[in-house]
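A short worksheet on the structure shown next.
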Amino acid sequence: MSHPLLDPRGTPRVMGVLNVTPDSFSDGGRWADVDAALAHGRRLAAEGADLVDVGGESTRPGARRPDVAEELDRVLPVVTGLVADGVAVSVDTMRAEVAAAAVAAGAQVVNDVSGGLADPAVLDVVADAHRASSDLVYVAMHWRAHSHEMTGFASYDGPGGVVAGVVAELGDRLAAAVAAGVGEDRVVLDPGLGFAKTGDHNWSLLAALPALEALGRPLLVGASRKSFLGSLLADTTTEPPTPRDVGEREAANVAVSTLAACAGVWGLRVHDVRASLDAVAVVRRWRAAGGDRA
């Protein structure tokens, strides 16, 4: 039986970002208070988000990791409150303890940016849920190292460069998840834009989404507000060029959302839900008019 979140429908799901952190690159501190976070999560859902992705650890370059108790204190009240409101929730975590607590509270997705590398026990949490006939979805992202050191791992010198490297390493993470008992039909893969990757690497991956789809699993793309968009839109009248401010990158992200939707990805992880839903609506109507057969 197909999963309602994974059932193909022609256009992507939209996952709204809810960072309950003091130091995320885009909106750190804005939703750190539980009441503010709940209000924003409800707003994302009301705007049409298919999922609200609650994360308590910043993964911006150089970010300090919270300890487990701190991450749980940030995440769990928000997951619990949103689930009680009927919101479909994803938990963005690399830790088994946080994943287990969020799943027990009703989270429908575990979004693990490390793909099980940071804490292999996350795979056991998901596998246990699947053995209990849970419909839990597991997102495994391409990842090489924690934030404070990941820029030193942005090297893809093998044949096929970054695309071949990411395909091979994501394939390894998929195999590890399945070996741990995770249901392969409940896995989504994410190329990890910006994680141990340069701007050129990100663009190469976006241009090669069909190669990633060859792994046979749905894809999640998260480009929203990331630095490679800021570099693309930089003010070249300064020396060095000044990257476009984080809050002024949304039009570029909508363009990425449109391209990714045309490429057939399963999901888009975004800060501005309404803007990306507009992009999805355009692609849906374009396809209805035969645009993908032109």
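Restricting attention to the range 255-294, the residues that are part of a loop (DSSP other than H, G, I, E, B) and surrounded by fewer than 15 Cβ atoms within 10 Å (Cβ to Cβ) add up to 3.
This table checks each residue for (1) surrounded by fewer than 16 Cβ atoms within 10 Å (Cβ to Cβ); (2) aromatic (F, W, Y); (3) assigned to a helix (DSSP H, G or I); (4) within 18 Å of the chain's Cα centre (by Cα).
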{"residue": "A129", "(1), (2), (3), (4)": "no, no, yes, no"}
{"residue": "S134", "(1), (2), (3), (4)": "yes, no, no, no"}
{"residue": "A145", "(1), (2), (3), (4)": "no, no, no, yes"}
{"residue": "D157", "(1), (2), (3), (4)": "yes, no, no, no"}
{"residue": "A168", "(1), (2), (3), (4)": "yes, no, yes, no"}
{"residue": "A176", "(1), (2), (3), (4)": "no, no, yes, no"}
{"residue": "L193", "(1), (2), (3), (4)": "no, no, no, yes"}
{"residue": "F228", "(1), (2), (3), (4)": "no, yes, yes, yes"}
{"residue": "R244", "(1), (2), (3), (4)": "no, no, no, no"}
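Table: residues versus (1) under 18 Å from the mean Cα position of the chain (by Cα); (2) closer than 22 Å to L193 by Cβ; (3) charged (D, E, K, R).
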| site | (1), (2), (3) |
| --- | --- |
| P241 | no, yes, no |
| V256 | yes, yes, no |
| H271 | yes, yes, no |
| W286 | no, no, no |
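Could you tell me whether any residue of the range 23-39 is crowded, with 21+ Cβ neighbours inside 10 Å and over 30 Å from P243 (Cα atoms)? Checked against the condition, which is being crowded, with 21+ Cβ neighbours inside 10 Å and over 30 Å from P243 (Cα atoms), the range 23-39 yields at least one hit. The one condition from (1) over 20 Å from the mean Cα position of the chain (by Cα); (2) part of a loop (DSSP other than H, G, I, E, B); (3) acidic (D, E) that D124 does not meet is (2).
Comparison of V137, V103, V182 shows that the only residue that is free of Cβ contacts under 8 Å to residues at least 40 places away in the same chain, of a type in the set (V, I, T) and under 24 Å from L51 (Cα atoms) is V103. Within the range 178-191, the set of residues being part of a helix (DSSP H, G or I) and out of contact with any His (no Cβ under 8 Å at 6 or more places or on another chain) comprises V178, A179, E184. Is it the case, given these coordinates, that A255 is without any contact (Cβ under 8 Å) to a residue 40 or more places away in the chain, small (G, A, S) and in contact with a helix residue (DSSP H, G or I) (Cβ under 9 Å, 6 or more places away or on another chain)? So A255 fits the description; yes. The condition (being farther than 21 Å from A46 by Cα and among the polar types (S, T, N, Q)) is satisfied by just one residue among S114, S90: S114.
Just checking, does the range 206-227 include any residue being in contact with a strand residue (DSSP E or B) (Cβ under 7 Å, 6 or more places away or on another chain), modelled with pLDDT of 95 or more, farther than 27 Å from V167 by Cβ and among the aliphatic types (A, V, I, L, M)? Checked against the condition, which is being in contact with a strand residue (DSSP E or B) (Cβ under 7 Å, 6 or more places away or on another chain), modelled with pLDDT of 95 or more, farther than 27 Å from V167 by Cβ and among the aliphatic types (A, V, I, L, M), the range 206-227 yields no hits at all. Given the criteria under 17 Å from the mean Cα position of the chain (by Cα), outside any loop (DSSP other than H, G, I, E, B), in contact (Cβ under 8 Å) with a residue 60 or more places away in the chain and crowded, with 21+ Cβ neighbours inside 10 Å, does L205 qualify? No: the conditions fail for L205.
Yes/no matrix, rows are residues, columns are (1) buried (at least 24 other Cβ atoms within 10 Å of the Cβ); (2) within 15 Å of V34 (Cα to Cα); (3) touching a strand residue (DSSP E or B) at 6+ places or on another chain (Cβ under 8 Å):
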position	(1), (2), (3)
G62	no, no, no
E71	no, yes, no
G81	no, yes, no
E97	no, no, no
A101	no, no, no
G115	yes, no, yes
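The values are calculated or read from the model by the stated rules, or taken from the named source; none is laboratory data. Note that the structure is a prediction, hence the values are computed from the model and not measured. In this analysis, Cβ positions are derived from the backbone assuming ideal geometry, glycine residues included, and neighbour counts consider all displayed protein chains.
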